[in-house]
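Readers should treat all values here as calculations from the given coordinates under stated rules, not as data from a laboratory. Everything quoted here is computed from the prediction, not taken from an experiment. Cβ atoms come from the backbone with ideal geometry, glycine included; neighbour counts cover every protein chain shown.
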Amino acid sequence: MLLLRIGAAAAFVITLIGGATLLAARLSDGPIGPIAGGPFDSGEPYRGSEPDWRHLADRDTVEFQLVDPARSRTTWILVQDGRLFIPCGYMNTEWGRIWKRWPVEAEVDGRALLRVDGTLYRRQLRRVRSGPLLEPLVEELNRKYAVGATADAVASGSLWLFELAPASESAGLAQPLRG
C-alpha cells in the first residue's frame with residue numbers, strides 16, 4: 001500500500017514537472033531544445049537580397065516558427081544548390097502523428113520565420129514531394145545525419161521535406177517584424 005502511494009505521488013510529480021516544462025516552453029522566446037516554444041520575441045529582421053546559405057551546410061539545427069499557429073521549434077537544416085530545406089520524419093507512425101503537427105499546419109499556411117544567429121528571415125515552407133532535387137536532398141540528409149533516408153520514404157509520406165523558400169513581401173505575417 002505504501003509503495004502504491006509512493007508510486008502515485010512520483011507519477012503526479014513527474015506529470016506536474018512535465019506540464020510545467022511544456023507551459024514554460026510555449027511561453028518562451030523560441031523552442032527549448034526539442035520542445036516546441038512560443039513565438040520569437042527576439043531577433044533582428046533581415047533586410048536585403050537572398051543570403052548565401054552555404055554557412056548553414058554543416059550546422060546541425062536552426063529554429064523556425066510558423067506564423068499560424070505561432071509556435072517555434074528546433075529542426076535539422078539542409079542546404080542544396082543554395083536553397084534551404086528541413087526534413088521531418090516519422091510521419092507515418094503513431095508517434096509522428098501525435099508529436100509532429102507542424103508539417104500538416106505548414107501545408108495549410110507555410111508562412112514562417114527562420115532564426116539564425118539572432119537574425120529573422122521571412123520564409124515560405126513548400127513541401128517537396130518529387131523533382132530533380134529529391135535524390136540530392138536525401139543524399140545530403142544521409143550524409144549529414146546518417147539516418148538511412150530514401151526517396152521511397154518521401155514517396156510513401158514517411159519522410160516530409162520542406163523548402164524554406166523566400167517569402168514575398170505581399171504574403172504578410174501575423175506578427176510584423178520589428179525594424
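Database remark: amide H of THR119 closer than 5 angstrom to the amide H of GLU44 (H placed geometrically; neighbours at sequence offset of 5 or more, or on other chains; Pro and chain starts carry no H).
The stretch between ASP117 and GLU105 holds 1.8 nm of extra length on full extension. This uses 0.36 nm per residue minus the Cα-Cα distance.
For the stretch 147-162, the Karplus equation 6.51 cos²θ - 1.76 cosθ + 1.60, evaluated at θ = phi - 60°, returns couplings of 9, x, 6, 9, 5, 5, 5, 5, 4, 7, x, 6, 10, 10, 10, 10 Hz by residue, with Gly and Pro reported as x. Most tightly packed first, judged by the mean number of other beta-carbon atoms within 10 Å of their residues, the peptides 149-161, 86-98 read 149-161, 86-98. Applying Stokes-Einstein at 4 °C and 1.567 mPa s to the Kirkwood radius of the stretch 39-131, computed over alpha-carbon pairs, gives a translational diffusion coefficient of 92 µm² s⁻¹. In this calculation the C-beta distance from ILE98 to LEU2 is compared with R0 = 22 Å, giving a FRET efficiency of 0.05.
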